[in-house]
Amino acid sequence: MATRKPATYHCAATRWSLDDLVAALEQHRPWGMSRSSIWRILEEADLKPHRSVYWLNSHDPDFEPKAHAICALYLNALRFFEHDRLVICTDEKTGMQILQRKYPTQPMAPGKPEKREHEYIRHGVRALIASFVVATGQVVWNLGQTRTSADFAAHLAHVVHQLQRCSAMTGWWITSIPTGALMSAAWSPSGAGCRALPRRYVEGHSGARS
């Protein structure tokens, strides 16, 4: 019962509570059960009907094997690093508001908490593009006012420059930009830098990458 929607049992609630489960059992079963008994059964079965999480459905028929391949890269990143191969993950955070408090924050005092001014000054928005070297934890980032194809290409070049000490390495570059889909490409920081990346990562009109 707890794994089905409450509406299945003519309950108006959107999620089960212990009280709703008690009432539903009394109405639809010849026997009842106490709240504590229901809680104990749910606890033992590791069921949490009061909780929910969001997920994004993929329409790609090959999503599962692609996802497994990407996850395998993360799981084997350290082993790859030992053999001079890098796994790099890239993503972006857009629309970050740059705010400044209008007046300085006042420090706490005996019997008084810290006071923070509620008024602020807007300084526009920024877009963060960051790359994470999975095996070492190193993060390389760019912060700017736009998120165009040129910005992304500049970030890739910045990453290659920062990883010059790894110029002898090859590996994989994983990014969810721009569509949220999992994508990867083989790369090498030596020579022409990003030449091994697909053209779709670094070309396109302003404001879009596909």
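Placing R0 at 25 angstrom, the Cβ-Cβ distance between N76 and S52 gives a FRET efficiency of 0.15 after rounding to 0.05. For the pair Q100 and H158, a Förster radius of 35 Å applied to the C-beta separation gives a FRET efficiency near 0.85, rounded to the nearest 0.05. Approximating the spin labels as points 7 Å out from Cα along Cα→Cβ, the H83-to-T8 distance works out to 4.7 nm.
Peptide packing: for 27-37, 1-11, 149-159, the average count of neighbouring Cβ atoms within 10 Å per residue gives the ranking 149-159, 1-11, 27-37, highest mean first.
The packing ranking of peptides 113-121, 12-20, highest mean first, is 12-20, 113-121, where packing means the average number of other beta carbon atoms within 10 angstrom of each residue. Within straight-line reach of K5, meaning a Cα separation under 24 Å, sit the following lysines at least 8 residues removed in sequence or on another chain: K48. The calculated FRET efficiency for S17 paired with T146, based on their beta-carbon distance and R0 = 45 Å, is about 0.40. Relative protection proxy for 70-77, 40-47, from highest mean packing down: 70-77, 40-47 (other beta-carbon atoms within 10 angstrom).
Here the stretch 1-18 is scanned for amide nitrogen atoms under 17 Å from the site 7 Å beyond the Cα of S34 along Cα-to-Cβ, giving 18.
Values quoted throughout were computed directly from the atomic coordinates according to the rules given, and no laboratory measurement underlies them. Every value quoted in this text rests on a predicted model; they were computed, and no experiment measured them. When we count neighbours, we look across all protein chains shown, and the Cβ atoms used for this are built from the backbone with ideal geometry, even at glycine.
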